[in-house]
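Read through the structure below, which is laid out as structure tokens, and then see the notes.
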Amino acid sequence: MPLHQPVLISDLTRIDDRLRRRMIALGFYEGCSVRIKRRAIFSGPLTIEQIEHQQMIAIRRCDAEQIGVIVP
């Protein structure tokens, strides 16, 4: 997925339950718009922004790959 391209989260069921609960508590829920703001080098974490509230989190790439998204 390219940087700054808005997508909708469609599936959070494949990620770890603790991470899923944290993401939902921070406003990253199924149906919300997000975009990748930054990619760390050497396969490091991704900084993801929740567009509606400008909330940002950094998560591991292996966790990000498990999140289902829809490109509108």
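The values are calculated or read from the model by the stated rules, or taken from the named source; none is laboratory data. These numbers come from a predicted model, not from an experiment. Cβ: placed from backbone, ideal geometry, glycine included. Neighbour counts: every protein chain shown. Note: accessible area is taken over every heavy atom of the protein model, side chains too, but ligands, DNA and RNA are not part of it. Shrake-Rupley method; radii C 1.70, N 1.55, O 1.52, S 1.80 Å.
Data overview
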{"item": "Gyration tensor (alpha-carbon) shape descriptor, region 1-58, a/c threshold 1.5", "result": "oblate"}
{"item": "Accessible area of R22 in the full protein assembly, 1.4 Å probe (Å², nearest 10)", "result": "140"}
{"item": "List L12, L26, ordered by accessible area with a 1.4 Å probe, largest first", "result": "L26, L12"}
{"item": "Residue-wise HN-Hα coupling along region 12-28, computed from phi with Karplus coefficients 6.51, -1.76, 1.60 (Hz; x: Gly, Pro)", "result": "10, 6, 8, 8, 4, 4, 5, 5, 4, 5, 5, 5, 5, 4, 8, x, 9"}
{"item": "Nearest-0.05 FRET efficiency for R21 and I70, computed from C-beta distance (R0 30 Å)", "result": "0.85"}
{"item": "With every protein chain in place, the chain: carbon and sulfur % of accessible area (1.4 Å)", "result": "54"}
{"item": "Relative contact order (%) - the chain, alpha-carbon pairs under 8 angstrom, separation at least six", "result": "38"}
{"item": "Over the chain: helical MRE at 222 nm, DSSP H runs n ≥ 4 each giving -39500 (n - 2.57), nearest 500", "result": "-4500 deg cm²/dmol"}
{"item": "Accessible area per residue, Å², the chain with all protein chains present, probe 1.4 Å", "result": "65"}
{"item": "Hz values of 3J(HN,Hα) by residue in region 44-53 - Karplus curve (6.51, -1.76, 1.60), Gly and Pro given as x", "result": "x, x, 9, 9, 10, 10, 7, 4, 4, 10"}
